[in-house]
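The values are calculated or read from the model by the stated rules, or taken from the named source; none is laboratory data. Just so you know, these numbers come straight off a predicted model, no measurement behind them. Cβ sites come from the backbone with ideal geometry, for glycine too, and all protein chains shown count toward neighbours. Remember, those area values only see protein heavy atoms, side chains included, never the ligands or the DNA or RNA. Shrake-Rupley method; radii C 1.70, N 1.55, O 1.52, S 1.80 Å.
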Amino acid sequence: MKKEDDRQRAASFIHEDSAVHTACDVIYVCEQCGYLHNDLYLKIRSDTDQFELCHVCPRCAEPLTSEPLEELYPEATVLACPECRKEKLEIEAYMDWD
């Protein structure tokens with residue numbers, strides 16, 4: 001995580017037995033400029049609290065939607081190119097087994 005505040009907030013859940021988390025690399029699509037941003041998706045919930053890592057678009061500084069592309073459009077297999085908005089980009093899911 002890039003911001004120290006986010007690190008500390010996530011670490012605050014370490015001693016909570018009820019805490020569960022979801023973490024993975026995902027693609028976010030900026031609703032303002034169409035930029036495709038690959039970053040960490042992190043959501044932590046406990047009985048008493050919750051935390052979600054937020055991102056902003058590196059191109060236009062617009063806050064990115066809290067849900068990654070796979071959650072918003074599970075059936076999507078094609079996206080418009082963020083540069084020209086004419087060409088199409090195919091989406092192919094994969095798992096990193098490292």
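Pull out the extension gain between D17 and R59, defined as 0.36 nm times the separation in residues minus the alpha carbon to alpha carbon distance; nm, one decimal.
Extra length from D17 to R59 when fully extended: 11.2 nm.
Take L42 and C81, extend 7 Å from each Cα along the Cα→Cβ direction, and tell me the distance between the two endpoints in nm.
Taking the two extended label points, one gets 3.5 nm.
With every protein chain kept in the model, how would you rank H21, H55 by accessible area, 1.4 Å probe, largest at the top?
H21, H55
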